[in-house]
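Participant: Input: one structure, supplied below.
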Amino acid sequence: MVELRRVTINGNHYYYLFHEIRENGQFKKFRHYIGAQEPDNAMQQKLERDFMEDIKNNPDKYSPKEKQNIIAVLQQIMEKENYISEENFVRLSSELDIPLVNLVGVATFYSQFRLTKPGKHTIKICDGTACHVKNSAALRVFLEETLDIKSGQVTKDGNFGLEVVNCIGACARAPSMMIDETVYGKLDKKKIKEIIGTYK
């Protein structure tokens, strides 16, 4: 039986067909990305017929591409653009014939991949032991309130992105943070506000 499945990225829906068969005691899965528009009943039936015909006549059309090194492809995009956009996911899904849900699943599993465009300036607030005991959590909350974002988000103007990290190697200057490649230490709310102001 063919199933119509959906994956959602940033509120947008994308659809693919899924079929599974048992062969020699093992399950074999076939997937086919069909686009961003949900097909009506007539179109879905046609797509399913074509899909099943393809599986019958050329089963390798769908399965071998799953073995490609998805991580390497995603890393290449990260190196070039510093994040993986929705457009890149859709393009890769079409080019590699790999369902979006598979690509997004890999990208969200590994912390090295970023799915949102980074801000012009990246703020990394340290929450390592030395900073934590000096109330870095309160400074993080202050940053979130000042920038009107949560950790992992980017300001509406795209100027700042905020991240919480385990350590930035400035324990002697705790509590500390980095903006881009510059380290700022012995922070308090007043100092943070002044520092943020120099980047606006």
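Participant: Of the numbered conditions (1) modelled with pLDDT under 95; (2) surrounded by 14 or more Cβ atoms within 10 Å (Cβ to Cβ); (3) not hydrophobic (A, V, I, L, M, F, W, C), G169 fails exactly one; give the number of that condition.
Facilitator: Checking G169 against (1) modelled with pLDDT under 95; (2) surrounded by 14 or more Cβ atoms within 10 Å (Cβ to Cβ); (3) not hydrophobic (A, V, I, L, M, F, W, C), the one that fails is (2).
Participant: Inside the range 10-45, can you point out the residues that are among the basic types (K, R) and surrounded by 11 or more Cβ atoms within 10 Å (Cβ to Cβ)?
Facilitator: Correct list: K28, K29, R31.
Participant: Output the residue which, of all residues in the range 34-72 that are modelled with pLDDT of 90 or more and among the charged types (D, E, K, R), is nearest to L17 (Cα to Cα).
Facilitator: Within the range 34-72, the match that is nearest to L17 (Cα to Cα) is E48.
Participant: Output the residues belonging to the range 73-85 that are surrounded by 14 or more Cβ atoms within 10 Å (Cβ to Cβ) and either modelled with pLDDT under 85 or over 9 Å from the mean Cα position of the chain (by Cα) (or both).
Facilitator: The answer is V73, L74, Q75, I77, M78.
Participant: Determine, yes or no, whether I34 is part of a strand (DSSP E or B), over 20 Å from L96 (Cβ atoms) and not basic (K, R).
Facilitator: Judged against the criteria, I34 is not a match.
Participant: Restricted to the range 1-28, and to residues that are outside any strand (DSSP E or B) and touching a residue at least 40 places away in the same chain (Cβ under 8 Å), which residue is farthest from the chain's Cα centre (by Cα)?
Facilitator: This residue is V2.
Participant: Report those strands (runs of 3 or more DSSP E) wholly inside the range 158-200 carrying at least 3 residues which are in contact with a Ser or Thr (Cβ under 6 Å, 6 or more places away or on another chain) and under 16 Å from L139 (Cα atoms). Before the answer, list the steps.
Facilitator: On the way: elements: 160-165, 177-179, 182-184.
Filter on the range 158-200 gives 160-165.
Participant: Test K117 against the criterion of being at pLDDT 90 or above and not aromatic (F, W, Y), and give yes or no.
Facilitator: no
Participant: In the range 86-97, which residue that is surrounded by 13 or more Cβ atoms within 10 Å (Cβ to Cβ) and of a type in the set (D, E, K, R) is modelled with the lowest pLDDT?
Facilitator: So, considering only residues that are surrounded by 13 or more Cβ atoms within 10 Å (Cβ to Cβ) and of a type in the set (D, E, K, R), the one modelled with the lowest pLDDT is D97.
Okay, residues lined up against (1) of a type in the set (A, V, I, L, M, F, W, C); (2) modelled with pLDDT under 90; (3) within 20 Å of M78 (Cβ to Cβ):
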{"residue": "V106", "(1), (2), (3)": "yes, yes, yes"}
{"residue": "T122", "(1), (2), (3)": "no, no, yes"}
{"residue": "C126", "(1), (2), (3)": "yes, no, no"}
{"residue": "V133", "(1), (2), (3)": "yes, no, no"}
{"residue": "L139", "(1), (2), (3)": "yes, no, no"}
{"residue": "T146", "(1), (2), (3)": "no, no, no"}
{"residue": "V165", "(1), (2), (3)": "yes, yes, yes"}
{"residue": "M177", "(1), (2), (3)": "yes, no, no"}
{"residue": "T198", "(1), (2), (3)": "no, no, no"}
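Participant: Another question about this same structure. Which members of the range 89-131 meet the condition of being over 30 Å from K193 (Cβ atoms), among the hydrophobic types (A, V, I, L, M, F, W, C) and in contact (Cβ under 8 Å) with a residue 24 or more places away in the chain?
Facilitator: Listed by number, the residues that qualify are F89, V90, L96, I98, L100, V101, L103, V104, V106, A107, F113.
Participant: Tell me whether the range 136-146 contains one or more residues that are assigned to a loop (DSSP other than H, G, I, E, B) and either within 12 Å of the chain's Cα centre (by Cα) or not β-branched (V, I, T) (or both).
Facilitator: no
Participant: Pull up the range 100-116, narrow it to residues that are loosely packed, with under 14 Cβ neighbours inside 10 Å and not hydroxyl-bearing (S, T, Y), then point me to the one that is nearest to N12 (Cα to Cα). Break it down into steps so the answer makes sense when it comes.
Facilitator: The first filter runs over the range 100-116 and keeps only residues loosely packed, with under 14 Cβ neighbours inside 10 Å, leaving 105, 108-112.
After this cut, where a residue has to be not hydroxyl-bearing (S, T, Y) as well, the list is 105, 109, 112.
On the way: G105: 16, F109: 20, Q112: 23 Å.
So, considering only residues that are loosely packed, with under 14 Cβ neighbours inside 10 Å and not hydroxyl-bearing (S, T, Y), the one nearest to N12 (Cα to Cα) is G105.
The values are calculated or read from the model by the stated rules, or taken from the named source; none is laboratory data. For clarity, every value in this text was computed on a predicted model and none was experimentally measured. Quick reminder, even Gly has a Cβ in these numbers, built from the backbone with ideal geometry, and neighbours come from all protein chains shown.
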